[in-house]
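Everything below concerns the one structure shown next.
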Amino acid sequence: MTTTDEIIKTYAANIKKIRLQKHVTQAFIAEKIGITDKYWSDIETGRKPCSLDTLVSIANALEVEPYELLLPENKVVSYDSRRTKIVMKTLKDSFSEMIDTLGTFLDDKK
């Protein structure tokens, strides 16, 4: 079972990794989400936990989904799964059907 300390260490490491990949400073992200540089440093090093609201703000500032900050190291998110392909096909088919219905509706109005 995962402990709170392990979760904090995981999101702290992910936050730092993603921030460095995006080539942004701690100060930039701290300002963007409205916290002090010191608090940001404490979050990123795992010295202090943050609220879920702050975690969501961090994810938004880093342009990732909040759950990605909680993934254990070396856990890759796959968007090419069979389920994702089925959902995308269903959305595409539904969208096409909606456009056809709208077209028919507009043609009937003429």
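Any residue in the stretch 73-83 that is over 19 Å from the mean Cα position of the chain (by Cα) and either at pLDDT below 95 or open to solvent by 100 Å² or more (accessible area, probe 1.4 Å) (or both)?
Scanning the stretch 73-83, I find at least one residue that is over 19 Å from the mean Cα position of the chain (by Cα) and either at pLDDT below 95 or open to solvent by 100 Å² or more (accessible area, probe 1.4 Å) (or both), so the answer is yes.
Looking only at residues that are more than 22 Å from residue 71 (Cβ to Cβ) and aliphatic (A, V, I, L, M) in the stretch 16-32, which one is most open to solvent (accessible area, probe 1.4 Å)?
By that ranking, first place goes to 27.
Looking at 35, 8, which is the one that is surrounded by 11 or more Cβ atoms within 10 Å (Cβ to Cβ) and modelled with pLDDT of 95 or more?
Only one candidate qualifies: 35.
Considering only the stretch 30-67, state which residues are over 16 Å from residue 18 (Cα atoms) and part of a loop (DSSP other than H, G, I, E, B).
Passing the criteria: 34, 35, 36, 47, 48, 49, 50, 51.
The values are calculated or read from the model by the stated rules, or taken from the named source; none is laboratory data. Bear in mind that the values here come from a model prediction, so they are computed numbers and not experimental data. Positions of Cβ are backbone-derived with ideal geometry, glycine not excepted, and every protein chain shown enters the neighbour counts. Surface accessibility is based on the protein's heavy atoms, side chains included, excluding ligands, DNA and RNA. Shrake-Rupley method; radii C 1.70, N 1.55, O 1.52, S 1.80 Å.
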